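Heads up, the thing below is written out as structure tokens.
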Amino acid sequence: MSTTIAAPRTPHSAPRRKGPNLEKWGWMYMRVSGVLLVVLIFGHLFVNLLTGDGIHQIDFAFVAGKLASPFWQWWDFLMLTLAMIHGANGMRTIVNDYVTHGGTRRTLVWAIWIVSVFLIVLGTLVVFTFDPCLGVTPDSVLWDRCQ
């Protein structure tokens, strides 16, 4: 006795949901963000490791100098945001594939997105509000540099 699987889109298959196909858009986001992240990450690595004195130039002053530039602020913000959403979407896909209990799956997916949003907000605050002179007092040797 042989059993056959019903052909797709037959009356026996589930009806198509109305509205936006979020899985399709998530799939497309992963491809587009992946390409953009390759460019952003390799640009970041090139500037940090291969220009100037290479790895020996990276210190607090180097990072402070980069974060003083709006170009690098937006570069880092874009890299942070794309990478966090890309990673969270990948984790969401893994949870959807392997967690069978509906309540546990929803809880984990919500936790992934809450943590991702928190880290994006925290990283954005660091990138755009970075102050290299925070905590420098008038009696410090660094006071003249921070005026």
* Asked: If we sort 97-107, 72-82 on the protection proxy, mean other Cβ atoms within 10 Å, highest first, what's the order?
  -> 72-82, 97-107
* **Per residue, in Å², the accessible surface of the chain once ligands and nucleic acids are set aside, probe 1.4 Å** => 77
* What are the ³J(HN,Hα) values, in whole Hz, obtained from phi via the Karplus relation 6.51 cos²θ - 1.76 cosθ + 1.60 with θ = phi - 60°, for each residue of the stretch 82-90 in sequence order, with x given for Gly and Pro? -> 4, 5, 5, 5, 4, x, 5, 5, x
* To do: List the relative contact order of the chain as a percent without decimals, with contacts defined as Cα pairs under 8 Å and 6+ residues apart.
  => 23
* Cβ-Cβ FRET estimate between residue 74 and residue 24, R0 fixed at 35 Å, reported to 0.05 -> 0.75
* Starting from the Cα of residue 145, step 7 Å along the direction of its Cβ; do the same at residue 114; then give the gap between the two resulting points in nm. => 4.1
* Asked: Along the charge dipole of the chain, Cβ charges K/R +1 and D/E -1, which of 3, 79, 134 sits furthest on the positive end?
  -> 3
* What label, among [x] 18.3; [y] 16.9; [z] 19.6, belongs to Kirkwood radius over Cα pairs in Å computed from the structure on display? -> [z]
* **Phi to ³J(HN,Hα) by Karplus 6.51 cos²θ - 1.76 cosθ + 1.60 over the stretch 59-65, Hz, x for Gly, Pro** => 8, 4, 5, 5, 5, 4, x
* Structure fact -> With all protein chains present, the stretch 1-114 has a carbon and sulfur share of its accessible area (1.4 Å probe) in percent of 71
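The values are calculated or read from the model by the stated rules, or taken from the named source; none is laboratory data. Everything numeric here is computed off the predicted structure, so don't read it as measured data. A quick note on method: Cβ atoms are made from the backbone with ideal geometry, for glycine too, and the neighbour counts reach across all protein chains shown. Keep in mind that these areas ignore ligands, DNA and RNA; they rest on the heavy atoms of the full protein, side chains included. Shrake-Rupley method; radii C 1.70, N 1.55, O 1.52, S 1.80 Å.
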